[in-house]
Amino acid sequence: MGGRVAAHDGLLAAREDWLASCSAGGAGTPLPGARGVVSASWWRSRSTGLDPDSVLAPVALQGSELRERRAAHPLAAVLPTARRLLLAEPLGVPVLMAVGDADGTLLWVEGDPVLRRTAEAMSFLPGARWSEDAAGTNAPGTALALERAVRVRSGEHYATAATRWSCSAAPVHDPVTGRVLGVLDLTGGDDLGRERALVLVRAAVGAVEAELRVAALRRGLGGAGGAPVPAHLRLMGAGEAVLRVDGRERSLSLRHAELLLLLLTGPPDGWSAGSLAGALDSRTLATVSVRAEVHRLRAVLAGCGRGALGLSPSPYRLTGELSCDVLQVRAALREGRTGDAVGAWAGDLLPGSDAPGVRELREELLVALRTAVLEGEDDEALLRFSRGAGRDDAQVAAELLRRLAPGDPARGEVVARAGRLAG
């Protein structure tokens, strides 16, 4: 027992030395005596501006929102397996099991009732967000950041409030798509900082992933005879943006449509909250507002897609397969299929949006389509373009008059349009 107390006190002293080196204006040093994974996580936590003495995991979900997220989350189906493996006191000490989503928000915290009440004082409770950027170094958040199993002992935690706890966590992956679904965590006192707790968590994750794989195989057998239809997003035209999944359609708010568009067309390494804020609003949009909208969109995707679509933690990326009318137009243009591009054009891209990132994409798409029909040799595509997006374009009308021979049935229509535009 004395050895464990000494180790705990040594970690706390190391934390104080490290924090002092940073507050003194120096560049700081690796956390003395700490493992490399912990030092690296501390630097990431420090770079977010979190104060270890005051940071407390924010509560992102409560009440009905928490209940809806739980009901829609794919890990809800494997909770009995996780409970059996992690809550039967296999380590001989009181423990808590936490199950979180891919963004680090805890959805379930179960186990010893005394530990639960104590843990709530440091905001370790359902609905609290324990990602690294929100709570600093901790097992669930760091496991998600690294996408691998991690244990964090007492003083290795970034938040001072968590330094009397030890935890081990590992991400849970979708066995079909490979995307991160969430995280399993085992939390308790210093006894839980030992390697065997991490081994147990890894085993539990393996069991629940196997169960998810069996469920996916059963669904596949039950649906044999027809290939699955990928989710599709409709963003073009004057109507509402619509997400279609499994044959069912759901109307999206303008903000959620904007977010999905940016996620589909943005940088391959994802968006930071700050970058998304700039793409969504030319004025100052608080990153906390962006994070809140991402949370809400993640719940929408979970609710209508049965786990087929999701959002990764920051940097934000869309996970799962999603086709989109915008992408279909762009692909046809890049492949020289001008007629297909015109056929897929259903109107302006999110015409009600004034988001800078959307405006830029809208203009680029229209210019690309117009250039393709004017410079290409597909007269039919040019004619169809003139009846839609190019209806008020004098150059398009003039080019059609040049191409269409006298006697062509469409020539009279174009002559009338050209006269209207000239007048």
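Against the definition (in contact with a Cys (Cβ under 6 Å, 6 or more places away or on another chain) and farther than 29 Å from G320 by Cβ), how does T160 come out, yes or no? No: the conditions fail for T160.
Among the residues of the stretch 384-402, just one is among the hydrophobic types (A, V, I, L, M, F, W, C) and in a loop (DSSP other than H, G, I, E, B), namely A389. Considering the stretch 223-242, and only residues there that are at pLDDT below 90 and not in a loop (DSSP other than H, G, I, E, B), the residue that is farthest from A77 (Cα to Cα) turns out to be H232. The sole residue among V342, V367 that is in contact with a helix residue (DSSP H, G or I) (Cβ under 9 Å, 6 or more places away or on another chain), among the β-branched types (V, I, T), modelled with pLDDT of 90 or more and closer than 30 Å to G266 by Cα is V342. Annotation: of all residues in the stretch 287-331 being among the basic types (K, R) and out of contact with any Gly (no Cβ under 6 Å at 6 or more places or on another chain), the one that is modelled with the lowest pLDDT is R306. Selection within the stretch 370-379: residues that are under 17 Å from V414 (Cβ atoms) and at pLDDT 90 or above. The member of this set that is surrounded by the most Cβ atoms within 10 Å (Cβ to Cβ) is V373.
When the residues of the stretch 161-193 are filtered to those that are of a type in the set (S, T, Y) and touching a Lys or Arg at 6+ places or on another chain (Cβ under 8 Å), the one that is surrounded by the most Cβ atoms within 10 Å (Cβ to Cβ) is S168. Among the residues making up the stretch 336-383, a single one is part of a loop (DSSP other than H, G, I, E, B) and hydroxyl-bearing (S, T, Y): S353. Of the residues making up the stretch 307-335, those that are of a type in the set (A, V, I, L, M) and either surrounded by fewer than 17 Cβ atoms within 10 Å (Cβ to Cβ) or outside any loop (DSSP other than H, G, I, E, B) (or both) are L311, L318, L322, V326, L327, V329, A331, A332, L333.
Reported count of residues in the stretch 77-102, each being at pLDDT 85 or above and surrounded by 15 or more Cβ atoms within 10 Å (Cβ to Cβ), is 17. With the checklist (1) modelled with pLDDT under 90; (2) touching a Gly at 6+ places or on another chain (Cβ under 7 Å); (3) not acidic (D, E) in hand, flag the one item V172 doesn't pass. Exception for V172: condition (1). Of L115, L107, L96, all but one fail to be more than 14 Å from T187 (Cα to Cα), assigned by TED's automatic domain parsing to the domain that holds V205 and touching a residue at least 60 places away in the same chain (Cβ under 8 Å); the exception is L107.
Residues in the stretch 345-362 that are crowded, with 17+ Cβ neighbours inside 10 Å, of a type in the set (D, E, K, R) and more than 20 Å from D392 (Cα to Cα): none.
The values are calculated or read from the model by the stated rules, or taken from the named source; none is laboratory data. All values reported here derive from a predicted model rather than from experimental measurement. Here Cβ is always computed from backbone atoms with ideal geometry, including for glycine, and neighbour counts include all displayed protein chains.
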